[in-house]
1. Out of 75, 60, report the one residue that is farther than 16 Å from residue 105 by Cβ, at pLDDT 95 or above and touching a Cys at 6+ places or on another chain (Cβ under 8 Å).
2. Any idea how many residues of the range 40-75 are within 14 Å of the chain's Cα centre (by Cα) and polar (S, T, N, Q)?
3. Only residues in the range 63-86 that are over 21 Å from residue 158 (Cβ atoms) count as the first member; pair them with residues that are small (Gly, Ala, Ser), Cβ under 6 angstrom, at least 6 apart or cross-chain, and list the lot.
4. Do we have residue 137 as modelled with pLDDT of 95 or more, of a type in the set (S, T, N, Q), in contact with a helix residue (DSSP H, G or I) (Cβ under 7 Å, 6 or more places away or on another chain) and surrounded by 11 or more Cβ atoms within 10 Å (Cβ to Cβ) here?
5. So which pairs qualify, if the first residue must be in the range 148-164 and under 19 Å from residue 64 (Cβ atoms) and among the β-branched types (Val, Ile, Thr), the second must be modelled with pLDDT under 95 and assigned to a loop (DSSP other than H, G, I, E, B), the Cβ gap must be under 9 Å, and the two must be at least 6 apart or on different chains?
6. Restricting attention to the range 108-131, report how many residues are surrounded by fewer than 16 Cβ atoms within 10 Å (Cβ to Cβ) and either free of Cβ contacts under 8 Å to residues at least 24 places away in the same chain or in contact with a strand residue (DSSP E or B) (Cβ under 6 Å, 6 or more places away or on another chain) (or both).
7. Return the pair list, or none, for Cβ contacts closer than 6 Å from residues in the range 6-35 that are closer than 23 Å to residue 69 by Cα to residues that are acidic (Asp, Glu), at least 6 apart or on different chains.
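The values are calculated or read from the model by the stated rules, or taken from the named source; none is laboratory data. These figures come from a predicted structure and were not determined experimentally. FYI the Cβ positions are ideal-geometry reconstructions off the backbone, even for glycines, and counts take in every protein chain you see.
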Amino acid sequence: MELTQLVHLRESCRHYLPRPVEREKLEACLECAHLAPSACNSQPWHFTVVTNPELVKKVAPCLQEMGMNGFASQAPAFIIINEEKAALAATVASKMKSQDYAQMDIGIATAHLVLAAAQQGLGTCILGWFNEKKLRQLLEMPEEKRIRLVIAVGYSADEAPRPKKRKPSQEIIDFRD
């Protein structure tokens, strides 16, 4: 599938089939994230994949405080992305330029991952709302490891992607020819 087709196909899935996700498909997605570019090749990420049904049931409530992400209870898998310590050069550059390269790098890796998931026929939803403390305790992650994102992964129960609602191109693009 061409990249443009994947971009049009990929959406935030909020309806999942009660079907487990094959490990091979998750590994293919993670390999694409693993190959993502990062500042100074720092690769400041770590991926924790949760597919055990009993643990998945315990992760979902950590994502649902204040009525958020109710659909997470349907997801058969989650990928938790932790921020790792960046390489010294990237850390110095971040301070000098007032840019958080590690978080940008995690965003790039996440984009690679969710596009690869779409190519594998999987639906994903990138979640930034979660109880980090509860999730870290549940997964026995050290306190110094910041959880930056959680990705719900599974087979979409929707028959077709929703039409994308985006700002008009002329509002967000400037050419300076």
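1. On the way: 60 fails: touching a Cys at 6+ places or on another chain (Cβ under 8 Å).
Unique residue meeting the criteria: 75.
2. Total meeting the criteria: 1.
3. Sorted first by the residue in the range 63-86, then by its partner, the pairs are 83/102; 86/42; 86/102.
4. no
5. Partner pairs satisfying both residue conditions: none exist.
6. 1
7. 15/158
For every residue, the table says whether it meets (1) of a type in the set (A, V, I, L, M); (2) under 20 Å from residue 37 (Cα atoms); (3) at pLDDT 95 or above.
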{"position": "106", "(1), (2), (3)": "yes, yes, yes"}
{"position": "117", "(1), (2), (3)": "yes, yes, yes"}
{"position": "125", "(1), (2), (3)": "no, no, yes"}
{"position": "133", "(1), (2), (3)": "no, no, yes"}
{"position": "152", "(1), (2), (3)": "yes, no, yes"}
{"position": "156", "(1), (2), (3)": "no, no, yes"}
{"position": "173", "(1), (2), (3)": "yes, no, yes"}
